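Down below is the structure, laid out as structure tokens.
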Amino acid sequence: MNPADAPLFRRRLLEWYQRRQRPLPWRKTHDPYRIWVSEVMLQQTQVKTVQPYYVRFIKRFPTLRRLAGADLQDVLKQWEGLGYYARARNLHRACTIVLKQHGGRVPDTWGPFRVLPGVGDYIAAAVLSIAFNRPHAVVDGNVKRLLARLLTLTAPVNRAASHRLFQEQAARLLDRRRSGDFNQAMMELGALVCTPSSPQCPLCPLVRFCAAHRSGATARFPRRVASRPVPEIEAAVGVVFKNGRVLITQRPAQGLLGGLWEFPGGKLREGEGPAAACVREIKEEVNLEVVVESALAQVRHAYSHFRIRLHVFRCRYAAGRVRRSGPAAHRWVRLADLDRFAFPKANRKFIPLLSRRPKAEV
DNA sequence: TAATCGTGGAG
DNA sequence: TCTCCAAGATT
């Protein structure tokens, strides 16, 4: 696009955004903390999914101080089901830093804000532009797709090496006087009109500027490199009953599902049966002897980079005292109290079955 | 750089 | 059922 076209491009985009923007809960506020929360939740997560989480989260933690003062377990419980739990851990930690080092005021410039945990280039540009109208251009999946089509950029959108190019083009087009609206307009247009499949070009306010549309090549943008196949893992977990309570363990604070609670278990070994794996893993993780009573469920679940088939067993405590090797903590809890803890989705899938009567023998 | 990190919607 | 991919950050 010719640089001389940029002013008209911006005007068209902003006019469209003013007419068509969705009334989202985080658009009712100028509070940088609330905008920050929304941007963290929106990472790799659709607007539709985020909305109820955002409303509940802000009701529970209405200010940065309230979040900074909360227990991480309460934060994770609010985050339960949203995924990518490092976002919640980092946001919580970042707020404690802002409280200590900045008196509870969200930094309004790049340097001090960008260094906070969980704040990358996107979040920094989004929060600073939307809350403080600072002239930083955001580059998310929407913006990359839109730019790839608009300018027929052949750089694959899912390669790190492409990022600089998209960032430069976004910065070049940015309306520096209305950067918050401009950024949101770009993303909104990508979400509503310049969609991944079957984009609504006749409704697009920028169609006259679009190189892909001009050459009839919209469907060939954005370019993307093939993703590698996802491995499938098989695992077994046991719900161990003892005196009317069940044993739950807490995952280590870092890494996959860090800080969440789960039922003990682990991967099957080569040639090992699910029930045997269940007994062995429980012995290894918490040093208990258990007896498998019945098969409770088989759960299939897709994580970000692998899939799992989970064999779930109802077990009875037989002998031993808990000595942990792996889990960060453990509890014996009543079924009615399981809802107080944050569990991964794969566990939530079978928890409702626990209050039913045991089924057939294995 | 590329792998890791969840879950759900949509085709 | 499978794949893509969504307001990305970290290591």
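The values are calculated or read from the model by the stated rules, or taken from the named source; none is laboratory data. These figures come from a predicted structure and were not determined experimentally. Methodologically, a virtual Cβ is constructed for each residue, glycine included, from the backbone with ideal geometry; neighbour enumeration extends over all protein chains shown. Heavy atoms of the whole protein, side chains included, go into the accessibility calculation; ligands, DNA and RNA do not. Shrake-Rupley method; radii C 1.70, N 1.55, O 1.52, S 1.80 Å.
Being away from DNA strand B (no atom under 15 Å from the Cβ) and touching a residue at least 60 places away in the same chain (Cβ under 8 Å), is that true of even one residue in region A:54-70? No; the residues of region A:54-70 include none that is away from DNA strand B (no atom under 15 Å from the Cβ) and touching a residue at least 60 places away in the same chain (Cβ under 8 Å). Filtering region A:272-289 to residues that are surrounded by 16 or more Cβ atoms within 10 Å (Cβ to Cβ) and either on the phi > 0 side of the Ramachandran plot or of a type outside the set (Gly, Ala, Ser) (or both) leaves A:Pro274, A:Cys278, A:Val279, A:Arg280, A:Glu281, A:Ile282, A:Glu285, A:Val286, A:Leu288.
You will find that of A:Pro344, A:Pro327, the residue that is within 16 Å of DNA strand C (Cβ to nearest atom) and surrounded by 15 or more Cβ atoms within 10 Å (Cβ to Cβ) is A:Pro344 and no other. Scanning region A:262-271 for residues being open to solvent by 30 Å² or more (accessible area, probe 1.4 Å) and more than 16 Å from DNA strand B (Cβ to nearest atom) gives a total of 4. Scanning region A:272-305 for residues that are of a type in the set (S, T, N, Q) and part of a loop (DSSP other than H, G, I, E, B), which turns out nearest to DNA strand B (Cβ to nearest atom)? Filtering first and then ranking leaves A:Ser304.
Residue-wise test of (1) out of contact with any strand residue (DSSP E or B) (no Cβ under 8 Å at 6 or more places or on another chain); (2) within 16 Å of DNA strand B (Cβ to nearest atom); (3) at pLDDT below 95.
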residue	(1), (2), (3)
A:His311	no, no, no
A:Arg321	yes, no, no
A:Ala329	no, no, no
A:Leu335	no, no, no
A:Leu338	no, yes, no
A:Phe350	no, yes, no
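Here A:Thr249 qualifies as closer than 21 Å to A:Glu285 by Cα and either of a type in the set (Ser, Thr, Tyr) or assigned by TED's automatic domain parsing to the domain that holds A:Val157 (or both).
Of all residues in region A:238-259, those satisfying the criterion of being of a type outside the set (Phe, Trp, Tyr), part of a strand (DSSP E or B) and open to solvent by 10 Å² or more (accessible area, probe 1.4 Å) are A:Lys242, A:Arg245, A:Gln250.
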